[in-house]
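Visitor: Got a structure for you, written out below as structure tokens; questions coming shortly.
The values are calculated or read from the model by the stated rules, or taken from the named source; none is laboratory data. A quick note: this is a predicted structure, and the numbers were derived from the prediction, not measured. We place every Cβ from the backbone using ideal geometry, glycine too, and count neighbours over all the protein chains shown.
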Amino acid sequence: MFVLAMLSLTGTLSAAAVRPNVIVIYTDDQGYGDVSCLNPDAKFKTPNLDRLAREGIAFTDGHCSDTVCTPSRYGLLTGRYSWRTELKRGVFAAERPCLIAEGRMTLASLLRGQGYQTAMVGKWHLGMDFPGDRKTRDWSQPVTDMPLDKGFDYFWGIPASMNYGVLAWFEGRYAKVPPTQYTQKKPNTLALSDYRIMPPYEETAKVTVADKSGRVRGKLEVAPDFTDIECLDRFTTKAIDWMTQRDKDKPFFLYLPYTSPHKPVIPMKRFRGQGQAGAYGEFVIETDWSRFSRLNSPTVPLDFSI
């Protein structure tokens, strides 16, 4: 995991301006050496991250009590060791009680208590309570025990990693298009031993039970309009939309956890052949570009063909 915190002072000298806006950008499975300014032998360049390190502060002695999805996100948002919870190893499925207990302070609730607007756009992976079970879904009902219950005023994103299912673009407590179809991992020709989550999807599935690790063995629930390669663009676009439409008289906190460069490794065509680390390096280059070039130039046209 790689964390980037950005602080900015904007606007006039009002009460909001003396409190900096805070953006936390969280990448998924990106190594310390996968930022070119931190690795003189890097096989690819990350110019936007390099610039932030050059013009700001790079913390080079960071430590993490756990490096995989669920526990690391718990530690970031709560400031607590993940092993103080019920989770002693591994990660959560998309569907289960949230690891952040009710009433537990988070970065979001702390800042909201100080007058901040709070938003999360991206991948959650800390557990959610979906309406019904796999046999009795009712997507007209709200999702509970999720970001809006943990200090965030706004949520747009996906519940967990893409290999855990219940894949749809959620806004607030509802899926924009309900995950009423099913799929299995599909071959990915871009990266060895990797997978894709992409149409066509199926109308029926054998209902299976999660194993001890929480992974659902069987077909994944997916929305008809969900495609894995669109995640980075959708997250960045929604983050820009929220920052543009928010109340400008208040400071804001934005938590932006991307799905990349976690599998599936799916760089867009414009990044193919860049760097010397294959598809993974190309995906990190796209991640670097998505986070910063897109944030500065949101109208750049994109090609989602694979």
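Visitor: Could you list, ordered by first residue, the pairs with Cβ atoms under 8 Å in which the first is in segment 183-207 and touching a residue at least 40 places away in the same chain (Cβ under 8 Å) and the second is of a type in the set (S, T, N, Q) and part of a strand (DSSP E or B), at least 6 apart or interchain?
Guide: ILE197/THR183
Visitor: Show the residue pairs that are 6+ apart or on different chains and have beta-carbon atoms under 7 Å apart, the first residue being within segment 152-177 and under 21 Å from TYR26 (Cβ atoms), the second being of a type in the set (S, T, N, Q).
Guide: That search, which allows pairs on different chains as well, returns PHE152/THR118; ASP153/GLN117; ASP153/THR118; MET162/THR259.
Visitor: Based on what the data block shows, is VAL91 aliphatic (A, V, I, L, M), surrounded by fewer than 20 Cβ atoms within 10 Å (Cβ to Cβ) and under 17 Å from the mean Cα position of the chain (by Cα)?
Guide: On the way: aliphatic (A, V, I, L, M): yes; surrounded by fewer than 20 Cβ atoms within 10 Å (Cβ to Cβ): no; under 17 Å from the mean Cα position of the chain (by Cα): yes.
So VAL91 does not fit the description; no.
Visitor: So how many residues does segment 111-131 have that are part of a loop (DSSP other than H, G, I, E, B) and farther than 29 Å from LYS263 by Cβ?
Guide: Taking segment 111-131 and keeping what is part of a loop (DSSP other than H, G, I, E, B), we get 113-116, 124-127, 130-131.
Next cut, farther than 29 Å from LYS263 by Cβ only: 113-116.
Number satisfying all stated conditions: 4.
Visitor: Identify, by number, the condition in (1) at pLDDT 95 or above; (2) more than 27 Å from LEU110 (Cβ to Cβ); (3) part of a loop (DSSP other than H, G, I, E, B) that GLU221 doesn't meet.
Guide: (3)
Visitor: Within segment 162-198, track down each residue that is assigned to a loop (DSSP other than H, G, I, E, B), more than 21 Å from the chain's Cα centre (by Cα) and under 20 Å from TRP139 (Cβ atoms).
Guide: Residue satisfying the conditions is THR180 alone.
Visitor: Out of (1) of a type in the set (A, V, I, L, M); (2) free of Cβ contacts under 8 Å to residues at least 40 places away in the same chain; (3) closer than 27 Å to ILE229 by Cβ, the odd one out for ALA53 is which?
Guide: (3)
Visitor: Which of the residues that make up segment 37-74 are farther than 29 Å from VAL91 by Cα and not in a loop (DSSP other than H, G, I, E, B)?
Guide: Answer for segment 37-74, where residues must be farther than 29 Å from VAL91 by Cα and not in a loop (DSSP other than H, G, I, E, B): CYS37, PRO47, ASN48, ASP50, ARG51, LEU52, ALA53, ARG54, GLU55.
Visitor: How about segment 152-165: which of its residues are touching a strand residue (DSSP E or B) at 6+ places or on another chain (Cβ under 6 Å) and either closer than 16 Å to PRO257 by Cβ or modelled with pLDDT of 95 or more (or both)? Quick ask: steps written out before the conclusion?
Guide: In the first step, residues of segment 152-165 are kept if they are touching a strand residue (DSSP E or B) at 6+ places or on another chain (Cβ under 6 Å); the result is 152-159, 165.
Hits for segment 152-165 are PHE152, ASP153, TYR154, PHE155, TRP156, GLY157, ILE158, PRO159.
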